[in-house]
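Everything on this sheet refers to the single structure shown next.
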Amino acid sequence: MTKTIIALRNADLTLGSAAASVHVLKGIDLDIAAGEAVGIVGPSGSGKSTLLMVLAGLERLDSGEIVIKDTALHDLSEDKLADFRGRNIGIVFQSFHLIANMTALENVAVPLELANVKNPFDIARRELTAVGLGERLSHYPGQLSGGEQQRVAIARALAPSPSVLIADEPTGNLDTETGKQIADLLFAKQAERGMTMLLVTHDNALAARCSRQIRVRSGEIVGDSNERSGAKVASA
């Protein structure tokens, strides 16, 4: 049996208020095993990206519990949650979220520096080299292609050596060939480091590369390939 690294219990979340409120997550229960690569799919507005943001510690539940690495995120203060996220969760977004006036090296190193990590620029240089950008360290985001910018974002996510890597439509802004290269890189790094990877995507072929696929619709999990496989997970 494989140990659970992420557990959601009766996770419920409504966004907006009054007439504009939307019940986004509806009492979701979910266990993710250490080392799994999980594809989260579903139509637009299904709640899959919100679910990912909850799993990333970027969105607070209205009720329910979320436990990652035996830590109850719902009990943490904002400062402690940010510290936990910085040490344990790497995040890659569709739109890269790089700082325009910082070089590739600085984009990766500065978050480490702010987190008081030793030798942040050495780590950043190593991670950028590992994603194929060793010759682009001094380039600014505007001087890089979309694929290169996403590689910087991946290096930034991997730099703290997180246990969990979260990617929200990581190939969504890229052409088909570049998207495939980025997907290959993500899966290679996930396997190399034994990380748990959670991937939201509209691309069924990309989701199919994951060891497990979860389908979300109207704020509920309506399909889970893990259930068909009969896989058993030990509780955290």
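The values are calculated or read from the model by the stated rules, or taken from the named source; none is laboratory data. None of these values were measured; they are calculated from a predicted model. Every residue, glycine as well, gets a Cβ built from its backbone with ideal geometry; the counts of neighbours run over all protein chains shown. Just the protein is used for accessible areas: all its heavy atoms, side chains included, with ligands, DNA and RNA removed. Shrake-Rupley method; radii C 1.70, N 1.55, O 1.52, S 1.80 Å.
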- Note on the structure: Rounded to a whole %, the carbon-and-sulfur portion of the accessible area of segment 59-123 at a 1.4 Å probe is 49 percent
- Table column - 3J(HN,Hα) (Hz), segment 202-208, Karplus curve with 6.51, -1.76, 1.60, x for Gly and Pro: 8, 8, 5, 5, 5, 4, 5
- Message: Please check: in the Gaussian network model of the chain (C-alpha springs, under 10 Å), which one of Ala72, Ala11, Ala124 has the largest mean-square fluctuation.
- Response: Ala72
- Task: Could you please tell me the mean projected area of the C-alpha convex hull for the chain, averaged over all directions and given in square nanometres to one decimal?
- Result: 13.1 nm²
- Item | Calculated log₁₀ intensity ratio I(q)/I(0) where the Debye formula runs over C-alpha points of segment 107-236, q = 0.10, 0.15 Å⁻¹ | -0.39, -0.80
- Give, rounded to the nearest 20 debye, the magnitude of the charge dipole that the chain has about its Cα centre when Lys and Arg contribute +1 at Cβ and Asp and Glu contribute -1 at Cβ. 400 debye
- Item | Rg in Å to one decimal, and Dmax rounded to a whole Å, for segment 139-208 via C-alpha atoms | 11.9, 34
- Note on the structure: Taking a probe of 1.4 Å and leaving out DNA, RNA and ligands, the chain shows per residue an accessible area in Å² of 47 Å²
- Item | Residues Thr71 and Asp29, FRET efficiency given R0 of 25 Å [Cβ-Cβ distance, rounded to 0.05] | 0.85
- Message: Among Pro120, Leu144, Gly35, whose Cα projects farthest towards the positive end of the dipole of the chain, with charges put on the beta-carbon of Lys, Arg (+1) and Asp, Glu (-1)?
- Response: Gly35
- Dipole check, the chain, charges on Cβ (K,R +1; D,E -1), about Cα centroid: among Ser63, Phe96, Leu186 the Cα furthest to the positive pole belongs to Leu186
- Compute from the Cα atoms of segment 1-84 the Rg and the Dmax, the latter being the longest Cα-Cα distance, and quote both in angstrom. 13.3, 46
- Item | FRET E, pair Arg87, His202, Förster distance 41 Å, beta-carbon r, rounded to 0.05 | 0.85
- Message: From the C-alpha coordinates alone, can you work out the Kirkwood hydrodynamic radius of segment 1-48, in Å?
- Response: 12.7 Å
- In Å, the C-alpha Rg and Dmax of segment 153-194 are 10.5, 29
- Task: At q = 0.14, 0.23 Å⁻¹, what is the base-10 log of I(q)/I(0) for segment 86-166 according to the Debye formula with one equal point scatterer per Cα and no solvent? Please give it to two decimals.
- Result: -0.37, -1.05
